[in-house]
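The values are calculated or read from the model by the stated rules, or taken from the named source; none is laboratory data. From a predicted model like this one, the values you see are computed outputs, not experimental measurements. Here the Cβ positions follow ideal geometry from the backbone for every residue, glycine too, while neighbour counts run over all protein chains shown. These area figures cover heavy atoms from the full protein model, side chains too; ligands, DNA and RNA do not enter into them. Shrake-Rupley method; radii C 1.70, N 1.55, O 1.52, S 1.80 Å.
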Amino acid sequence: MTGRVAIVGIGPGDARYLTPEAAAALAAADALYGYGPYLDRIAVQPGQVRHRSDNGAEQARAVAALEQAAAGISVAVVSGGDPGVFAMAAAVCEAIDSGPDIWRRLDVVVVPGITAMLAVAARIGAPLGHDFCAISLSDNLKPWDCIVRRLDAAADAGFVIALYNPVSRARPWQLGAAFERLRRYLPPSTPVVFGRAVGRPGDNVTVTTLAAAPTTVADMATLVIVGSTATRVIARPERPSLVYTPRSARGAHA
Ligand code: SAH
């Protein structure tokens, strides 16, 4: 008997963002693996075992889930947002790539979810309406100079940039350094969107400019979108501003 590994994205927030496919995959699992706060968001099923682990324990979590699956158990590995975006789907693939042959025989299913940048963008208009990229500011898994090169290339080429993992307790300065870098390429008026805990109680989405962008309001639950030179803000009476990037880049820089 071979088991099954479902790597399931639960979206950025509460159950409204959970797709029916993800809910079915979670309900069908004998065991759930994930970061504790993500598991806490999932409805309890009788008889289902929960294996909570810390943020940062991704590789050990992937190995533990694959070992259980190889023993014939149906496991679900839970990710916030989408499991393929800076998350568990790649961790499980890495473990299979360097693991025992029996792991290659397992049934592996990746169930997509709404990633944070899409949830934040939808709350403010259409900042990702033209070409964009996503960069994690965490230098836990890549050197800082690699991040700087990617910021330079993305800003110079005219991409809107979604910044994941902008700040953590152990990484307090990276977001400020990233803004400094981007100011070399982008005008001070470039729109910057901060989306915090989107889809959860108390969520917050604000718009500022690259010149004024603070680094102190962001935390681990914040996603930052830095516009391109084409990104525009529409002020509206008694309504929140709309931020959008036009679909056409005719006449735009780059
Ligand atoms: N797999 C996740 C991303 C994991 S990296 C996804 O697809 O969304 C973790 C980072 O995602 C956080 O530091 C933050 O930048 C962003 N993030 C996750 N959930 C968020 C939310 N509800 N609101 C804003 N940003 C969020």
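Among the residues of the stretch 43-58, is there at least one that is out of contact with any helix residue (DSSP H, G or I) (no Cβ under 6 Å at 6 or more places or on another chain) and open to solvent by less than 20 Å² (accessible area, probe 1.4 Å)? The answer is no, given that none of the residues of the stretch 43-58 is out of contact with any helix residue (DSSP H, G or I) (no Cβ under 6 Å at 6 or more places or on another chain) and open to solvent by less than 20 Å² (accessible area, probe 1.4 Å). A134 falls short on exactly one of the conditions (1) over 26 Å from Q174 (Cα atoms); (2) aliphatic (A, V, I, L, M); (3) within 16 Å of the ligand (Cβ to nearest atom), and that condition is (1).
Considering every residue within the stretch 91-100, establish whether at least one is among the small types (G, A, S), closer than 28 Å to G199 by Cα and out of contact with any Gly (no Cβ under 8 Å at 6 or more places or on another chain).
Yes: the stretch 91-100 contains one or more residues that are among the small types (G, A, S), closer than 28 Å to G199 by Cα and out of contact with any Gly (no Cβ under 8 Å at 6 or more places or on another chain).
Within the stretch 114-129, residues that are closer than 13 Å to V243 by Cβ and small (G, A, S) have Cβ atoms under 7 Å from residues that are within 14 Å of the ligand (Cβ to nearest atom) and not in a loop (DSSP other than H, G, I, E, B) in these pairs: A121/I225, counting only partners at least 6 apart in sequence or on another chain.
Going by the conditions given, is S189 surrounded by 21 or more Cβ atoms within 10 Å (Cβ to Cβ) and away from the ligand (no atom under 16 Å from the Cβ)? Taking the combined requirement at face value, the residue does not satisfy it.
Summed over the stretch 73-118, residues that are touching a helix residue (DSSP H, G or I) at 6+ places or on another chain (Cβ under 9 Å), within 11 Å of the ligand (Cβ to nearest atom) and not hydrophobic (A, V, I, L, M, F, W, C) total 8.
Screening I135 on (1) touching a residue at least 60 places away in the same chain (Cβ under 8 Å); (2) in contact with a Lys or Arg (Cβ under 7 Å, 6 or more places away or on another chain); (3) among the aliphatic types (A, V, I, L, M) shows it passes everything except condition (1). For the stretch 220-254, filtering for residues that are open to solvent by 10 Å² or more (accessible area, probe 1.4 Å) and closer than 15 Å to A177 by Cα leaves 0.
In the stretch 196-254, counting only strands (runs of 3 or more DSSP E) that sit wholly within it, the ones holding 1 or more residues that are of a type in the set (A, V, I, L, M, F, W, C) and either modelled with pLDDT under 95 or within 19 Å of the chain's Cα centre (by Cα) (or both) span 204-209, 222-226.
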